[in-house]
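In what follows, a structure is listed as structure tokens, so that the remarks can point back to it.
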């Protein structure tokens with residue numbers, strides 16, 4: 001063993017996306033000292049930060065695959081989870097829409113697949129009923145599969161809430177802490193090296209998302225497993241201009257679920273994603289070709305869309321892996337990997353967690369717990385474990401009476417910082433001093449929705465930078481958008497030479 005060991009933990013989780021924080025939340029129930037490390041400046045900055053925020057019903061994954069099992073189990077957990085962790089979740093159902101008679105057979109296939117996966121509440125609807133339910137739908141719609149258990153959520157809220165609940169229950173979360181390598185004693189992992197020193201551990205859990213292949217190769221397992229990033233691009237539309245009431249998928253293709261048009265828990269409409277497999281895990285660029293492809297796909301579902309309604313574009317990478325299914329008879333090579341491998345001791349390995357990873361995340365966490373139970377590794381449960389994480393006030397969601405009471409208690413809630421989204425100073429201050437503090441502009445944005453409206457932060461940025469500097473006790477020159485290297489300011493206006 002080498003290096004300076006800072007502290008010993010029972011478990012170290014690598015990765016602060018929705019899967020890593022869910023695993024941390026569930027393991028906080030046990031008498032273990034748990035550390036979660038995240039290389040970025042905040043949680044939810046990888047794949048979790050750039051997806052469609054859909055709670056999939058579960059009719060899409062290959063029957064018998066881990067994806068199918070985790071999707072359906074995770075979906076069933078979301079009502080209780082949203083109640084305990086207090087994040088936005090709307091189980092409004094989703095539609096797979098056929099346009100023209102030639103697409104109708106695909107709905108039957110999905111229906112049968114969903115039945116095999118155990119998805120409840122699916123109905124085949126005629127085109128007239130789909131037009132009645134969604135006023136903006138293509139009038140040439142021939143039918144749809146409606147799954148009542150589908151829904152929408154806020155991936156940022158879920159991840160932050162799970163992390164905060166874990167912290168409440170004793171988990172340590174360290175951001176800007178990058179995994180570098182494992183420390184071995186024979187075939188057992190006994191620690192890991194990071195950019196902030198070495199840490200001992202009894203168990204390491206790989207929740208590294210796009211980099212899960214790198215981590216497992218450092219552990220000496222699955223040398224043939226590779227993550228290829230699959231980029232998805234998106235448009236965000238102004239909710240003041242258009243309102244889509246539903247979650248609308250096209251009939252799927254060999255590239256995936258297809259380009260969809262969907263509402264969000266915040267009221268905006270999102271269009272996307274496409275699916276471009278490439279090599280650079282950090283390339284989240286938006287391309288002209290990609291955006292044209294998305295717009296064409298969206299217009300097939302909702303012909304009345306207008307580009308003048310677009311207020312933002314973004315892209316994210318999904319962890320497209322080549323992991324074979326546990327059941328070799330499926331001949332399916334893009335399944336989730338959830339395992340304790342035989343080749344190395346003290347290691348829980350997760351990989352290839354792409355869609356439906358968001359909805360699957362709580363079920364994946366429970367699967368990790370079961371694996372550790374089977375390995376006879378889990379300690380006793382804590383006598384006092386708190387599953388509830390209370391949400392902080394959101395001014396825009398309150399009645400006028402409740403707003404008045406809140407402002408009387410704390411006048412900072414009466415000062416609006418973001419006009420488009422009606423976010424107040426009190427909300428921003430609360431996030432800076434939360435159990436998992438917001439220390440960058442994007443961290444504030446993810447937690448409060450500040451800067452996501454029509455002006456795209458045109459009015460609020462200077463004030464948010466000022467508040468962050470004030471509360472963190474640093475110079476405004478040190479405040480960043482998303483971590484080191486993304487500073488907003490480089491000098492004061494009066495600091496001009498000559």
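Quick note: the coordinates plus some simple rules give every number you see, no bench work behind them. Here the structure is a predicted model, which means the values were calculated and not measured. Cβ coordinates were reconstructed from backbone atoms using ideal geometry, including for glycine residues, and neighbour counts include every protein chain displayed.
Per-structure values
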| read-out | value |
| --- | --- |
| Diffusion coefficient, µm² s⁻¹, Stokes-Einstein with Kirkwood Rh over alpha-carbon pairs of the chain at 37 °C and 0.692 mPa s | 138 µm²/s |
| Hydrodynamic radius by Kirkwood, which averages 1/r over all alpha carbon pairs of the range 395-478, in angstrom | 12.9 Å |
| Cβ-derived FRET efficiency at R0 35 Å, residue 470 paired with residue 128, nearest 0.05 | 0.05 |
| Computed lengthening from residue 135 to residue 308, 0.36 nm per intervening residue step minus Cα-Cα distance | 60.3 nm |
| Label-reachable residues, the range 429-444, where backbone N falls under 11 Å from a point 7 Å from residue 415's Cα toward its Cβ | 429 |
| Relative contact order (percent, whole number), the range 454-498, Cα cutoff 8 Å, 6+ residue spacing | 21 percent |
| Residue order, fewest to most surrounding Cβ atoms within 10 angstrom, among 185, 90 | 185, 90 |
| Ratio of Rg to Rh over the range 228-372 (Cα coordinates, Kirkwood Rh, two decimals) | 1.05 |
| Order of 146, 295 under a 10 Å beta carbon neighbour criterion, fewest first | 295, 146 |
| Length-normalised contact order of the chain in % [C-alpha pairs under 8 Å, at least 6 apart] | 19 percent |
| Calculated SAXS-style log₁₀ I(q)/I(0) at q = 0.13, 0.21, 0.22, 0.23 Å⁻¹ - the range 1-100, Debye, Cα scatterers | -0.66, -1.31, -1.36, -1.40 |
| Rounded to whole Å, sorted largest first: equivalent-ellipsoid semi-axes of the range 444-498, Cα gyration tensor | 22, 14, 10 |
| 5 Å binning of all Cα-Cα separations within the range 23-173, expressed as whole percents from 0 upward | 2, 9, 15, 16, 17, 14, 11, 7, 5, 4, 2, 0 |
| Helical mean residue ellipticity (222 nm; -39500 (n - 2.57) per DSSP H run of 4+; nearest 500) of the chain | -9000 deg cm²/dmol |
| For 174, 390, 260, order by how many other beta-carbon atoms lie within 10 Å, fewest first | 390, 174, 260 |
